[in-house]
């Protein structure tokens with residue numbers, strides 16, 4: 001009986017393991033801490049906003065929720081300019097949440113930065129909406145398509161396992 005219980009616990013714990021991979025093209029790629037998000041061009045935050053979106057390679061104030069978009073967020077309302085520069089990732093969290101049960105979920109990747117040269121820029125989030133059965137984490141190639149030439153990703157070497 002003990003062996004059966006131990007086997008069931010091991011199976012349950014194995015199910016908690018995430019499907020992380022080192023393949024940067026996979027939606028399950030875990031971006032290593034210390035990676036960099038390089039903003040290649042200045043971005044203008046409009047008056048009364050605290051963020052600017054990028055979708056299909058262009059800055060926009062509104063987005064189509066069913067296509068991947070990425071957003072730089074700032075502490076204060078604009079107008080403001082996020083200067084071209086490098087943002088070092090100190091924390092990352094992929095996730096999902098319900099938008100409208102049981103049909104629509106928001107899938108996202110959030111990156112928080114170290115306070116380097118632009119401490120007012122607090123995070124970078126890429127997201128889209130999809131169904132709970134068809135949706136999945138956002139991949140790096142999808143993020144690259146959303147940001148176009150505005151952003152370059154430079155990934156730190158992941159520690160060997």
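Please treat every number below as a calculation from the coordinates, not as lab data. Keep in mind that what you see is a predicted model, and the values were worked out from it rather than measured. Neighbour counts are summed over all protein chains in view; Cβ atoms, including those assigned to glycine, are modelled from backbone coordinates with ideal geometry.
For the reader, a short list of remarks on this structure follows.
- Simple label model, 7 Å out from Cα along Cβ direction - residue 101 to residue 40, nm: 4.3
- Subtracting the Cα-Cα distance of residue 65 and residue 122 from their residue separation scaled by 0.36 nm leaves 18.3 nm.
- Residue 145 paired with residue 25, simple spin-label distance in nm, labels 7 Å along Cα-to-beta-carbon: 1.4
- Residue-averaged [θ]222 nm for the chain, counting only DSSP H segments that reach four residues, each worth -39500 (n - 2.57): -4500 deg cm²/dmol
- Taking a quarter of the surface of the Cα convex hull of the chain gives a mean projected area of 11.9 nm².
- Extension gain, residue 110 to residue 154, is 14.3 nm, computed as 0.36 nm per intervening residue step minus the present C-alpha separation.
- Principal-axis tilt of helix 2-16 within the chain, Cα atoms, nearest 10 degrees: 20
- Cα-Cα pairs of the range 81-161 separated by more than 22 Å (percent): 36
- Full extension of the segment from residue 33 to residue 136, taken as 0.36 nm per residue of separation minus the current Cα-Cα distance, would add 34.9 nm.
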